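This report concerns only the one structure given below.
Readers should treat all values here as calculations from the given coordinates under stated rules, not as data from a laboratory. It should be emphasised that the depicted structure is a prediction, and the values quoted were computed from it without experimental measurement. Using ideal geometry, Cβ is built from the backbone for each residue, glycine included, and neighbour counts are taken over all protein chains shown.
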Number of protein chains: 2
Amino acid sequence: MARDDTRQVLEQAAHFFEKVWAPLDGPGDEEGCHFDNGAVRTPSGYRAGYAALCEAGWNRVSAPEESGGAGLPEVIGRAVGEFSTSACNALGLYAALTAEANATLRRTGEPWMLEHIVPAMVAGRWAGTMCLTEPHCGTDLRLMKTRAVSQPDGSWRLSGTKIFISGGDQDLTENVIHLVLAKVPGEDGRISDDLSTIRLFLVPKRVVDPDSGMLGGSNGVVVAGIEHKMGLKGSATCTLSFEDALAYPLRESSQPGGANRKSSAGMSGMFDMMNSARLGTGMQALSSASRAYGHAVNYARERLAGRAAKVEDRTGGAADPIVVHPDVRRLLLKQVSFIEAARALALHVTALLGEPDEALRAKRSAIGSLLTPVVKAFFSDRSFESANDAMQLMGGHGYIRDNGVEQLVRDSRIFQLYEGANGVQGLDLVLRKLPAGGGQAIRDFLELVEQTAEEALAYKDMRVHGETLRRSTDAIRSCVGWFADPSRDAYDAGGSSHDFLTMVGIVACGWMWARMGIAAVSKLEQAGDATFLERKMALCRYWFEREVPLVFALSNRVKTGAACLMDLPAELF
Amino acid sequence: MARDDTRQVLEQAAHFFEKVWAPLDGPGDEEGCHFDNGAVRTPSGYRAGYAALCEAGWNRVSAPEESGGAGLPEVIGRAVGEFSTSACNALGLYAALTAEANATLRRTGEPWMLEHIVPAMVAGRWAGTMCLTEPHCGTDLRLMKTRAVSQPDGSWRLSGTKIFISGGDQDLTENVIHLVLAKVPGEDGRISDDLSTIRLFLVPKRVVDPDSGMLGGSNGVVVAGIEHKMGLKGSATCTLSFEDALAYPLRESSQPGGANRKSSAGMSGMFDMMNSARLGTGMQALSSASRAYGHAVNYARERLAGRAAKVEDRTGGAADPIVVHPDVRRLLLKQVSFIEAARALALHVTALLGEPDEALRAKRSAIGSLLTPVVKAFFSDRSFESANDAMQLMGGHGYIRDNGVEQLVRDSRIFQLYEGANGVQGLDLVLRKLPAGGGQAIRDFLELVEQTAEEALAYKDMRVHGETLRRSTDAIRSCVGWFADPSRDAYDAGGSSHDFLTMVGIVACGWMWARMGIAAVSKLEQAGDATFLERKMALCRYWFEREVPLVFALSNRVKTGAACLMDLPAELF
């Protein structure tokens, strides 16, 4: 896609979300969702906002043309997605989960679903959800109780309770397509804890006629209630009770990059959806951080307090804007240098996962899969910190509801928790993604980073950063070796997974900064937009001077091992 | 005070706050404060809870006996304070600020105030506040607009608007004693930005007759509104409009340890109050973290998911409690090892500041003053992280209002912001406390830590920790030297103050862990309560293996200097 076309699409999208969606964000948080008579009502204005989204087509930017989408590259879809969740994350989530469910359905659905259901979801008339968690079980699917039983007529009936279902019900669309994990009982009619008995089912809220696609009556999906949460209050988080609901088994997913998982083949579709949703969660996190930064930087320029430590930097007024103070700048640079590297990384990972060249696909998508838990967990950890840094800079004013940032702090706290809590992402990285394919993906990733580091050495202003980046890959490599050591204690991986994931996140962002820095210096030499490029260089420098060095401390901590965590008997905590 | 007496007091206090106050915490957050017809109404149950507090005397544990207090040591008062804010921080704040204002009044008040006002506050019939912030000015008092003008009859009238006044109004007490900073205009009737024109005034909500102490009519203190905040919703944060209110100037404070401040002598009382409130804020932060930990540890023991990585640690059920997983233990140990060291440190600082021995007082209180911003800022940073770690461990369940932790996260966010945002604490440490007295306080502090490190070397199980502690003081000393270098850029101190404060916080907690560890090993050798002592040793080990090593990375970062923060022009942020 041509650069100018891309710019035009993004500018139009930004305009739409700023004008139509952003005004819904604060009021939607105040009002929250309502639950009356077994149905969810979203906050005032959401219906109109959602309808406007679908009418303008911003919900289907990268859906394929044959389903009614615009068929633009996934990277553009993700970039537009950032605008939507930055403007109003709670409302954006209904569309994002619909798009994820729809993508899964395109890979796993029967022909009649592709004909009748997929287009309705792409158009935005119907929505989608992902139903996994149960009251007593989240990550550990062995404990799942929801069951699907095949009937003598060949149909399936599904029963069980699912919780924390985002968009489990709403008043935005005429139907909801639930993708539900359930166990198939054995011949004795009992369910087991064997993961291979789990399959993914499509369960419509209202029955759909497979032949005509016509909507029928309701389908035994009872909305039992909604959660009262810390934030993201415009997004209905539902408890759904499936009561002998008509269900349709989905096929295996053919998505690349899923080969290394140790799980039931029947869950492949759900895993693909989860992985895509994890990337999406990283983008949501980033979008919240970015909006919070906007508040912070305005405040820092406008609020007057104290005088610059150097006389020559003083404005001459009674006090200077607080952006003159180094600790305020520290908070700003910490936010923005993360945000811009993270944005680049998320889009780069999207491109890696969608590599069109057959010859490169396996290698690139494996690197993308390796980095997916990092995007989810590192971004959500840092975004929450970032929104809190925005609040910190505003002092007591940041704590007041009217000033906008406290909602972003509350909203963004969920990103560390949903789509697999960040602890699970760390384990995914260390226990699955590192050893997959004999460790090829991490080696390939480090090689790419080192190529960039090497390139950086050629530019005077990038040399030191290139050396730092090079040393940081050594630190990661030494940890990879430590994890792979066959003499490792069985608890060591889990005890160090969080720190290791953070290291990879910092280095991956450093990789992006080095690439942006190289682009900036090489363009500065050819006289590009000097202001823009100098700004990029300053942010790059901050990341390498203040963030990347933490990698070396974390590397030492990774290698302390888990004994200090495990020796205390559980009852003494 | 004898150990058994102390234990008895603390047990009774714990019982009271757990039974009477803790049940008010959640409902008070849901309901919040009301503002009707110019007056604040606190949440249901607060009036009865406050009355019960005052009746039982838990509001005046360490107030002097001559004012009606119990006269117990300040350390006991602080420890009881932790229970109160752990049980219901919003309600506790009304009592805490009253106690702080009262302590200030005892040092700065006229005889009639000591006779009539102090005892009413000690008894809890009247409350107190601290009025400093104005809409356009927080830290930078030069910008203050509130003015107090002496009248021909010798009285003073005070006018201006103050915001963010905790407990600025309520329905708990029959009167409120406001301590208000105001400027005294020059002969031309105009106020200047000269700090020496600022004085501290007592402004009662209802007029008090100086001769009889009888309550009169209202005194031109108009409650203009309350804030809608992220948390601490049961605490009324008021905007107060002083309209020619009758005001009484207070005298200079004679509090020790205040000698090094560069401020108006007229503000000494306010500074003393702020310093005490900063220590109190650190304790509040700690108390929230502690309560959140209670939720987290219960959840970790009860929630079943996955199986222990080692077969021998499995329970044999369908799944094990999540406390068997190393990353869950990491989150627990990170919380509890901070909490227990922080509690020890806060009480130790309290004791240092209240040193009764004349010969030791100057030295010890200077160390206490040095550590006060650290207790405020490091504790509040870490407590917020700690409450978030508790939430993280609970996954999506932590984000749901009913489960208790999300309120603690919202409530505890304020501690980083009020009583001087943490950035201001960092500057206080680096710009005031470090150079004060030629740097004697930091040298004395490091010497105490090194004595402990030396002692630790004598015990086999403490030797490595003692060495780590010793190296950590070197890291601090090198940063102190870096700050003191006369060739420093004017921005360097501000650019590194946050990291330096964090270093001192980690090392000070390490000091406490070393002392607790030494006590534990020496008692283990004499066969003490082995379980309790082994637990202490495990927490001590965690702190030295996983937290203290960060000091070395921070030390490097401190010394990177501020160039990477200051080079970017303000308009490019």
Under 14 Å from the Cα of B:K205, which aspartates and glutamates turn up, not counting those fewer than eight places away in the same chain?
B:D169, B:D171, B:E174, B:E243, B:D244
Given axes a ≥ b ≥ c from the Cα gyration tensor, I'd like to know whether region B:92-170 is rounded (a/c under 1.5), prolate (a/b larger than b/c) or oblate.
oblate
Can you sort A:D313, B:D209, B:D411 so the residue with the fewest Cβ neighbours within 10 Å comes first?
B:D209, A:D313, B:D411
Candidates per trypsin sites (Lys or Arg not before Pro) in region B:282-366, loop by DSSP, up to 15 other Cβ within 10 Å:
B:K310, B:R314
Residues whose placed amide H lies under 5 Å from that of A:A236, excluding near-sequence neighbours:
A:G167
Inter-copy label distances at A:A519, 7 Å along the Cα→beta-carbon direction, one decimal in nm, shortest first?
5.7
Give me the percent of DSSP beta bridges within the protein assembly as shown that run antiparallel, rounded to the nearest 5.
85
Between A:D529 and A:E55, what is the label-point separation in nm under the 7 Å Cα-to-beta-carbon projection?
3.2
What aspartates and glutamates sit close enough to B:K19 to cross-link, taking a C-alpha to C-alpha distance under 13 Å and skipping anything fewer than 8 places away on the same chain?
B:E11
Equivalent ellipsoid semi-axes, chain A, via Cα gyration tensor eigenvalues times 5, rooted, Å
40, 29, 23
What is the residue of chain B with the smallest Cβ distance to the axis taking B onto A, and what is that distance in whole Å?
B:A553, 2
Centroid-to-centroid separation of region B:17-37 and region B:160-236 [C-alpha atoms, Å]
24
Averaged across the residues of B:120-131, what count of C-beta atoms belonging to other chains lies within 10 Å of each residue's C-beta?
0
Once the protein assembly as shown is represented by equal point scatterers at the alpha-carbon sites, with solvent omitted, what log10 I(q)/I(0) does the Debye formula produce at q = 0.04 Å⁻¹?
-0.22
Using only the alpha carbon atoms of region A:3-105, find the Kirkwood hydrodynamic radius as the inverse mean reciprocal pair distance, in angstroms to one decimal.
14.3
What's the tally of Lys pairs in region B:421-561 whose alpha-carbon atoms lie under 29 angstrom apart, where the two lysines are 8 or more places apart or on different chains?
4
Ascending list, in nanometres, of distances separating the A:R463 label from those of the other copies (7 Å, Cα toward Cβ):
4.6
Hey, for B:P73 with labels 7 Å out along Cα-Cβ, what do the inter-copy distances come to in nm, ordered shortest first?
6.9
Among B:S196, B:S487, which comes first, second and so on when ranked by fewest other beta-carbon atoms within 10 Å?
B:S487, B:S196
Only sites in a loop by DSSP and with at most 13 other Cβ atoms within 10 Å count here; which trypsin sites (Lys or Arg not before Pro) in region A:499-542 make the cut?
none
Cleavage-rule hits (GluC sites (Glu not before Pro)) in region A:164-253: DSSP loop, at most 12 neighbouring Cβ within 10 angstrom:
A:E174, A:E187
Which of the residue pairs A:K162/A:K233; A:K229/B:K310; A:K183/A:K376 have a Cα-Cα distance greater than 26 Å in the structure shown?
A:K229/B:K310; A:K183/A:K376
Treating the angle as unsigned and between 0 and 90°, give the value, to the nearest 10°, between the Cα long axis of helix A:46-56 and the longest Cα principal axis of chain A.
80
